[in-house]
1. How far is helix 48-60 tilted, in degrees, relative to the longest principal axis of the Cα atoms in the chain, given as a value from 0 to 90 rounded to the nearest 10?
2. Tally up the carbon and sulfur contribution to the accessible surface of the chain as a whole percent, 1.4 Å probe, everything protein left in place.
3. To the nearest 10 degrees, how steep is helix 126-140 against the longest Cα principal axis of the chain, on a 0 to 90 scale?
4. On average, how much accessible surface per residue is there in the chain, in Å², for a 1.4 Å probe, leaving out ligands, DNA and RNA?
5. As I understand it, the value is the acute angle between the Cα axis of helix 12-26 and the longest principal axis of the Cα atoms of the chain; what does it come to in degrees, rounded to 10?
6. Exceeding 22 Å between C-alpha atoms, which entries from my cross-link table qualify? They are 185/226; 59/269; 243/268; 185/269; 26/201; 33/292.
7. Using per-residue counts of other Cβ atoms within 10 Å, averaged over each peptide, order 37-47, 276-286, 72-82 from highest down.
8. Could you grab the relative contact order for region 127-271? Cα pairs under 8 Å, six or more apart, rounded to a whole percent.
Amino acid sequence: MRHFLSVEQFTNEEFMMLVRRASDFKHGRDRFKSDRTIVNMFYENSTRTKMSFEMAEHKIGMHQMNFDVTTSSVNKGESLYDSVLTMQAIGADVVVIRHPDPNYSDQLVNLDVQVVNAGSGTGQHPSQSLLDIMTIYEEFGDFTDLNVAIIGDIMYSRVAVSNMMMLNQLGANVIFAGPDQYFDKRYEKYGEWMSVDAAVKAADVVMMLRVQLERHPNGDKPFEKKDYHERFGLTRERFQTMKDHAIIMHPAPVNRDVEIADELIECKKSRIVSQMSNGVFARIAILEWVLKGRYDELNNHKW
């Protein structure tokens, strides 16, 4: 029985296999169908992740249920374990979970239901990393010595954590930039710290991050929006210093004219919309891989 919990559980070959499967689905080179039952359990707000999982589930024919936290017994004190135990008891095969606890999956190890991590606090966001790696691979075809700048609120971003680990593992040169107080020295083993100006000039991929105000202690908000944009954002002026072949990425939601200038979100260098589209196919690949671990549905595929 397989769970999709973190990028660390995969070798390079295994992770790139998922990338290639996602590409197969995107370009119609293969199909996958399943009649299993899946429950989406989002304890935190989501647009792209939740809806792309739902679209992926719809496309492959799964029986889909959505767990509404606001109307559930969570409001009566029900634990995550007991909520997932209930989903298992009523017949769910897979649960897709987004939860504020970075280690929430540790609570679920004794359950007989498969877990897909859709974002764990400040821990990891492996499905986002898969679609990001897919988007970069489509553009460059390789990661060796590729300069990827991750810019912004790195400390509180689970996207940054998953991406820095996998990009480093695949051979990319990871660059960090942004406010000093939004960086953790523990991440120095994955990449190099630069100024925002230097990072944008050096990068083949400029990956901007939203300021995660909801995760900051005591609602910390040390910058005004205009000040943050000028000091740490991808401004029109910084955009002009990017390499000709460089691309812009952002996991979204985007705060326009804060981390990135409004007119750059859909410019020719931007792959932000492509990331959203790739999210559906990446999540189909994840669901195929998860179900392959428990059911003999894909005997003709090599994993």
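The values are calculated or read from the model by the stated rules, or taken from the named source; none is laboratory data. Bear in mind the structure is a predicted one, so any value in this text is a computation, not a measurement. Reconstructed Cβ throughout: ideal geometry from the backbone, glycine too, with neighbour counts over all protein chains shown. Side chains are part of the model used for accessible areas, which takes the heavy atoms of the whole protein and leaves out ligands, DNA and RNA. Shrake-Rupley method; radii C 1.70, N 1.55, O 1.52, S 1.80 Å.
1. 40
2. On the way: 6120 of 13510 Å².
Exposed carbon and sulfur together represent 45 percent of the surface.
3. Helix 126-140 and the main axis of the chain meet at about 50 degrees.
4. On the way: 13510 Å² over 303 residues.
For the chain, the solvent-accessible area averages 45 Å² per residue.
5. Rounded to the nearest ten degrees, it is 80.
6. Working: 185/226 27 Å; 59/269 29 Å; 243/268 13 Å; 185/269 31 Å; 26/201 32 Å; 33/292 11 Å.
From the list (185/226; 59/269; 243/268; 185/269; 26/201; 33/292), the Cα-Cα distance tops 22 Å for 185/226; 59/269; 185/269; 26/201.
7. Details: 37-47: 18.7, 276-286: 23.9, 72-82: 12.1.
Ranked by mean Cβ neighbours within 10 Å, highest first: 276-286, 37-47, 72-82.
8. Working: 236 pairs, mean separation 35.5, N = 145.
Once normalised by length, the contact order is 24 percent.
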